[in-house]
Amino acid sequence: MTEPSRTIVYTCPYVPAEWIAAHGLQPRRLIPLPTDGATVAPRVEGLCPYARAFANDAAAENAAGIVVTTLCDQMRRVYDLLARGTRTPTFLLNVPKTWQTVAAQRMYLEELKRLGRFLVRLGGHAPSYNELAETMTQHVGWAASAISPVHDASVPIAVVGGPLMQRDRILFDLIEESGGRIALDATETGRRGQRRAFDRRRLTENPLMELADAYFSIPDASRRPNSELYSWLKNELTQTGVRGVVFHHYVWCDAWRAELARLKEWVGLPVLGLDSDGHDETDVARLRTRIRAFLEMLQ
Amino acid sequence: MNAEPRKINLEQWDREYARLRAAGMTEPVYGGPLSRHVADGDTRLLKLRYDNSPAALRLWNFLLTEEDRLRAARDDGKKLVGAMKDLGTVPVMAYSLDNLVAFYPDGAWWIPCVMELNTGLLQIADSLGIDESFCPVRAMLGAFITEAHFPLPDLLTCSVGATCDDFSAIAQRLNGLGHPILWWEIPHRRPAENGEQAVTLPGGFSAPQSQIDFVRSELSRVKAALEELASRSLDDDTLAAGIAKANLVRELLAQLRHLAFTAPLCPMPALEMLIAEMLAIHFCSDQDETILVLTDLLAEVTRRVAAGTGHLPADAARIFWVNPVADLQAMNLLEDCGGRMCGTEYLFAHALDPIPTTIPTMEALAQMALADPMVGSAFDRAARIVADIRRFGAEAVIVSRIPGASHCALEGEIIGQVVRETYGLPVLEIEVPSITDATQATLRTRLEALVETVKDRRER
């Protein structure tokens, strides 16, 4: 007889891993692979390949539960497929798009509490403030860390965009192979998708509030307005001395696709826009050619 | 004065117009022959076929003169509110204040159709990085840039949260171009959990009271902005009166839909019914006139039903249509293929339900906003569609995909699945771009095949 799984699968950066861990369950941020053997989400026109791959990978996991968020409409709708198409209990976390009001911040906090009740139903236990604070302290290292400047001949590049699937990490290899250096990973699965460091004083006073605040301040293209994304980028690009931006998004990802033109107008650096359908193996050859040309221009 | 129901083209309408005028037809100030709008660039009108009643003429003239009305309202000192991604909530508040006029900038999605891509709005959107992978509502961006289709509003509101990514991204692009937007949050509707108070919303969906409280607080922010813009207070009595007027529009539409979808003969074509339904969400910039236009239309439909006249043969296939079409000609095409509209869900079924009047006004509006079929699960939406299929006796369902719309990738399959499981009805999923000319032969074949399937099923 196998042990019942204690793993909670999610992919959205607004799901606090510490909150799951504090409930005695194992958080696992799933970075999906594009798979052809669909289990719950078919390959259909208009469906974001990342959302599809997450749904299928999550369904195939032996997880105790799956957490999906409303960060984008595609994921919100993929939840329908997961909730109906798998036996794994699935939870939809309402992540507000607005962030400037107390009501939005409170809603996120209340949603975390609701997630907590879901975790308890899956066999977790409701943590005390001390337990939560202890878990948060143990996982301080999960936060975004400061970047140390590097001085060599390679061209410092920022990769900006939504999440990347495992296979699409090849983007980084291609940049480095072409004479570039990843000075900033501003993708959702990179540095940009990490919460800020916890404030130790606030962590002690009210850990859940601090947890919510740290995660809710992650910048993203989908926030309204998304000005904080540009503030964050401005700061990071300055610190890292980036000389060019590689912008990546998946086809049908409206939130990020719409930002490409705006970023080009705003950033004052050369920008290479790349899209991917998440499936096509021949993408690599095309990617290599485009990245090389971009890096040659910057060198 | 009223002739037998017929579908006529624009040229025929000009002759019919002359006849009606000679017979003493009176018109509102925006009246006139329909063909004059072609000179303004509305060239798609040349390819549509229309109902021949004076009521339909009034409806079309009302629709096609909205820009004039907005400019006149501004000249009269009224303030303009652009209520984006808002299917019938903020306009109800705005129209409660008599010096505000709300309109629906998203309605620009029909401009590429009506003006047959001659305005360059989509090219402007392209140049701003909003290409054809987005829904045709991207035409709105171009309309803001050119200022040629509506005056720039004094206040822009936009709901976000459980809305489609296309529109949210387009609105953000607009914001990035320097147009301030008051964003308000609509959360994904979910059922109440253990220990939470569940509330049945208008239309039958359910949500926890906490979500209603949240939306009410969001709408209070919008209300405060409207009050500031209007320089007057929107008190409960004033808002209640505004809700009563909005309910009158909804009641007229409910009667109209019931008669149009259930009469033995189709008393009003699908095209005019689509335009009429759209009035529910924004009143085409004049709520009082909307009531008069719909009253006229309802009188005509009632007269036709009583007289046993109508369009289309009695055995026309009874079709339920899901999602609005970017090309209005698709409505003509359905009828050309032997289909008859018997039920619709154009993304705003909730805006056709009466707003509750027995609860506090802001609570009622919050409930309405959460009753939006698009803010919940696609299975919820499918359940509502299934209930309406039964109500109107539809024999088949067409799910019309909106090109590039984020909600269309998956929900068509879910709706189709629920319809098939519940009633075993045939379901056809099609995509309707802004101009269907290039795909019309294929569309026609598919619609004809559906109609044939419906008729075959009757014989079995």
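Some notes on this structure:
- Residues in the range B:163-186 that are in contact (Cβ under 8 Å) with a residue 40 or more places away in the chain and surrounded by fewer than 24 Cβ atoms within 10 Å (Cβ to Cβ): B:Arg173, B:Leu177, B:Ile181, B:Leu182.
- Within the range B:106-134, considering residues that are of a type in the set (Gly, Ala, Ser) and open to solvent by less than 40 Å² (accessible area, probe 1.4 Å), the one nearest to the other protein chains (Cβ to nearest Cβ): B:Gly129
- Qualifying residue in the range B:403-421 (condition: away from chain A (no Cβ under 14 Å) and touching a residue at least 12 places away in the same chain (Cβ under 8 Å)): yes
- B:Ala244 being closer than 14 Å to A:Met107 by Cβ and more than 11 Å from chain A (Cβ to nearest Cβ): no
- Pair list, Cβ < 8 Å and 6+ apart or interchain, from the range B:21-43 residues that are part of a helix (DSSP H, G or I) to residues that are buried (at least 16 other Cβ atoms within 10 Å of the Cβ) and modelled with pLDDT of 95 or more: B:His37/B:Leu45; B:His37/B:Leu64; B:Val38/B:Leu10; B:Val38/B:Leu45
- The range A:67-126 - residue that is among the β-branched types (Val, Ile, Thr) and either within 8 Å of another protein chain (Cβ to nearest Cβ) or closer than 21 Å to A:Trp256 by Cβ (or both) and, of those, surrounded by the fewest Cβ atoms within 10 Å (Cβ to Cβ): A:Thr101
- Of the numbered criteria (1) under 22 Å from the mean Cα position of the chain (by Cα); (2) within 30 Å of B:Gly120 (Cβ to Cβ); (3) touching a residue at least 12 places away in the same chain (Cβ under 8 Å), the one B:Gln440 fails is (1).
- When the range A:1-55 is filtered for residues that are modelled with pLDDT of 95 or more and open to solvent by 50 Å² or more (accessible area, probe 1.4 Å), the ones remaining, listed by number, are A:Gln26, A:Arg28, A:Arg29.
- Boolean, A:Arg52 is more than 8 Å from every other protein chain (Cβ to nearest Cβ) and part of a helix (DSSP H, G or I): yes
- Helices (runs of 4 or more DSSP H) (entirely within the range A:80-199) containing at least 1 residues that are at pLDDT below 95: A:129-138, A:170-177
- Conditions (1) out of contact with any Leu (no Cβ under 6 Å at 6 or more places or on another chain); (2) outside any loop (DSSP other than H, G, I, E, B): number failed by B:Ala192: (2)
- Flag for B:Val199 being open to solvent by less than 40 Å² (accessible area, probe 1.4 Å) and at the interface with another protein chain (Cβ under 8 Å from one of its Cβ atoms): no
- Scope the range B:40-91; condition closer than 30 Å to B:Glu4 by Cβ, surrounded by fewer than 24 Cβ atoms within 10 Å (Cβ to Cβ) and small (Gly, Ala, Ser); matching residues: B:Ala55
- Spans of helices (runs of 4 or more DSSP H) in the range A:209-298 with at least 3 residues within 14 Å of another protein chain (Cβ to nearest Cβ): A:227-240, A:254-267
- Members of the range A:157-182 that are open to solvent by 10 Å² or more (accessible area, probe 1.4 Å) and not charged (D, E, K, R): A:Pro163, A:Gln166, A:Ile170, A:Phe172, A:Ser178, A:Gly179, A:Ile182
- Of all residues in the range B:248-284, those that are open to solvent by 10 Å² or more (accessible area, probe 1.4 Å) and over 26 Å from B:Gly393 (Cβ atoms) total 2.
The values are calculated or read from the model by the stated rules, or taken from the named source; none is laboratory data. On a predicted model such as this, the values are computed, not experimentally measured, just so you know. Heads up, the Cβs are rebuilt from the backbone with ideal geometry, glycines too, and the neighbour counts pull from every protein chain shown. Side chains included, ligands, DNA and RNA excluded: accessible areas come from the protein's heavy atoms. Shrake-Rupley method; radii C 1.70, N 1.55, O 1.52, S 1.80 Å.
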